[in-house]
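Step one of this worksheet: look at the structure below.
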Amino acid sequence: MRSLRVVLLAGFAAGCLTTVGASAQSATATIAPTAGNTVKGTVTFTQKGDKVTVTAQLTGLTPGAHGFHVHEKGDCSAPDATSAGGHFNPTGKQHGAPGAPDHHAGDMPMLEADANGNANLTAELSGPTVGSGTNDIVGKSVVVHKDPDDFKTQPAGNSGPRIGCGVIQKS
């Protein structure tokens, strides 16, 4: 009888762990090109403990590096995506590399497009959250920029025009 209880408890615990893992918060943005551009794709954010994993799969870029940020407004309606506002920065920090001690909650690693204009990125972020808190990115937007981010110039890293935009929606 005791071994039956142990088996039942182990099964119950495994079921609870599966449920906890399945309840990870995630959100997705579908990137569409701004006027005169061709970038498109998907960006997914998944909360994993105190970090967020971002996964991006984009096409239609020029080869090379592109600035890539979460912006403060979930509005991509302007032809140049200026309706998305500035970088998402609820804590008032300086713009910087996502691994630096001080950076916007919306600062992300650069996208690197290959010779065919495709970019794939998976990175772990500190700062943003998915679904709760001051740093919640749900309802904000993701913006892809034409130029590389220098991670120094304030407030946006000298990344140039916005070539793609998508609103972040809870998955």
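No value in this document is a laboratory result; all are computed from the given coordinates. Quantities reported herein were computed from a predicted structural model and do not represent experimental measurements. Using ideal geometry, Cβ is built from the backbone for each residue, glycine included, and neighbour counts are taken over all protein chains shown.
For log10 I(q)/I(0) by the Debye sum over Cα atoms at q = 0.09, 0.12 Å⁻¹, computed directly from the structure shown, the correct entry in (i) -0.26, -0.48; (ii) -0.30, -0.54; (iii) -0.33, -0.53 is (iii). Sequence-distant contacts, meaning Cα pairs under 8 Å at least 6 residues apart, place the relative contact order of the stretch 25-170 at 33 percent. Cβ crowding within 10 Å, taken as a proxy for footprinting-reagent exposure, orders 52, 167, 138 from fewest neighbours to most as 138, 167, 52.
Give me the percent relative contact order of the stretch 104-171, please, defined on Cα pairs under 8 angstrom at least 6 residues apart. Computed value for the stretch 104-171: 25 percent relative contact order. Every helix of 4 or more DSSP H residues in the chain counts as -39500 (n - 2.57), and over all residues that averages to -4500 deg cm²/dmol at 222 nm. Principal-axis analysis of the Cα atoms of the chain puts helix 2-22 at an angle of about 10° to the longest axis. Put a dot 7 Å past the Cα of residue 50, heading toward its Cβ, do the same for residue 77, and the two dots end up 3.9 nm apart. For residue 152, list the aspartates and glutamates whose Cα falls under 13 Å from its own Cα; do not include residues on the same chain fewer than 8 positions away. Of all the aspartates and glutamates, those that pass the test against residue 152 - Cα under 13 Å, at least 8 places apart if same chain - are 102, 107. Within a straight-line Cα-Cα reach of under 28 Å, residue 170 can be paired with the following lysines, leaving aside sequence neighbours fewer than 8 residues apart in one chain: 40, 48, 51, 73, 93, 140, 146.
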